[in-house]
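Read the structure below first, then the notes.
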Amino acid sequence: MDMENVKQIFRDAGTALSRAVQFTEEKLGKAEKTELDPNFEQLVTFCDNTKQNTETILKNMEFILNSNPGMRVENLFFLDKKKSGLSSLEYLGLAMTEAGNDFGPDTVYGSALIKVGYVQQTLGLNQRDFIKSANDCFVSPMNKYLETDMKTVVKERSLLEKRRLDLDACKTRVRKTRMLATTKVKQEDSGPTTEELIEKAENDLKIAQEEYDRQAEITKLLMEGVPSAHPQHLQHLLDFVDTQAAFYLKCHESLMSLQSDLSGFPTDQDNIATLSPDTPALGRVQQAKVITSQEPRDAHDLRLSAGEVISIDVNSDIGSNYFIGKKIQKGKVYKSNVRLLNQS
């Protein structure tokens, strides 16, 4: 290490110490601080808001996109499933498909499970595509902005603060040197005179002021460019909304198609349950007399009056507490309210 490098190290150490002393005295209220003009302060506030809000949005966006805690978001971008974890929907779809095959694809329940499982896997794949598209159109460009443009602004603002500390430290030295001159302290012949000390301090102040003004102008220009980035951020936001709308539209179409496919499957409302080998075929109608009036509990119940005779599907009581009865229309008839006419 040559002597010039050693001197530079000592100069840097001296500058850092001077800044630390100035910063500490400002916090203690023992030193003056150069204030920024109001317009500059407004730019600083705008930049801080842009940075903080963008970081918050991205943090929440990444949380939404990575809804599966067992899977890192970047793994969703691999097309080869061997290299990535499955999403929750895909796991659900696989479980339903396997269960449907175990119960038998020729059974009603097994067939329904397979259909629903396939759609759940499709929804999982749609989610994969949505996450990748959202990352490409919003997360990546916004992160890039923070890591480039905003990072440069932060760096230059940090440098400006250092230049400000240097400037205020020089102002403090000039003030102290001038106070020293007024005390008329006798100087030793071997050292610099008071006039020389004042001249050096004022020259240092002039240099520090020029460097501060130059850095302030650079920082101001960079911060003035921050608002101009918002239109591009708006475009990224609109692209994200388009991607999200397309994702939910695909999901909606898949689910509506699934709902249509399942509409023909028997339900509890139709009261068609799984039959045992000893159960007679459904559809055997028998007359029943209403022994207790029945007020509808919901839209599926019949309104009945005591004494009237209605038709009953005698096989519709399987696994339930009601029959399917018919007057003008079909509906539920609770067993406790009727008596089959062929029963003793």
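The values are calculated or read from the model by the stated rules, or taken from the named source; none is laboratory data. Source: prediction; values computed, not measured. So basically every Cβ, Gly included, is an ideal-geometry build from the backbone, and we count neighbours across all protein chains shown. Note: areas computed on protein heavy atoms with side chains; ligands, DNA, RNA excluded. Shrake-Rupley method; radii C 1.70, N 1.55, O 1.52, S 1.80 Å.
Here are a few things to note about the model shown:
- Residue satisfying all of: in the range 28-80; assigned to a loop (DSSP other than H, G, I, E, B) and among the basic types (Lys, Arg); modelled with the lowest pLDDT among these: Arg72
- Of all residues in the range 37-58, those that are under 29 Å from Asn135 (Cα atoms) have Cβ atoms under 7 Å from Cβ atoms of residues that are open to solvent by less than 70 Å² (accessible area, probe 1.4 Å) and not in a helix (DSSP H, G or I), 6 or more apart or on another chain, in Phe46/Val226; Cys47/Val226; Thr50/Val226.
- Residue match in the range 91-106 (condition: open to solvent by 40 Å² or more (accessible area, probe 1.4 Å), within 17 Å of Phe130 (Cβ to Cβ), modelled with pLDDT of 55 or more and not in a helix (DSSP H, G or I)): no
- Leu237 vs. criteria without any contact (Cβ under 8 Å) to a residue 24 or more places away in the chain, in a helix (DSSP H, G or I) and either open to solvent by less than 80 Å² (accessible area, probe 1.4 Å) or of a type in the set (A, V, I, L, M) (or both): no
- Leu146 vs. criteria surrounded by fewer than 17 Cβ atoms within 10 Å (Cβ to Cβ), touching a helix residue (DSSP H, G or I) at 6+ places or on another chain (Cβ under 7 Å) and at pLDDT 90 or above: yes
- Which numbered condition Pro231 fails, given (1) within 28 Å of Leu165 (Cα to Cα); (2) exposed (fewer than 12 other Cβ atoms within 10 Å of the Cβ): (1)
- Of the residues in the range 212-227, at least one is of a type in the set (Phe, Trp, Tyr) and more than 21 Å from the chain's Cα centre (by Cα).
- Residue satisfying condition, being assigned to a helix (DSSP H, G or I), open to solvent by 80 Å² or more (accessible area, probe 1.4 Å) and at pLDDT below 90, within set Glu210, Glu199: Glu199
- Answer from Lys115, Lys155 - the residue that is open to solvent by 80 Å² or more (accessible area, probe 1.4 Å) and either under 28 Å from the mean Cα position of the chain (by Cα) or in contact (Cβ under 8 Å) with a residue 40 or more places away in the chain (or both): Lys155
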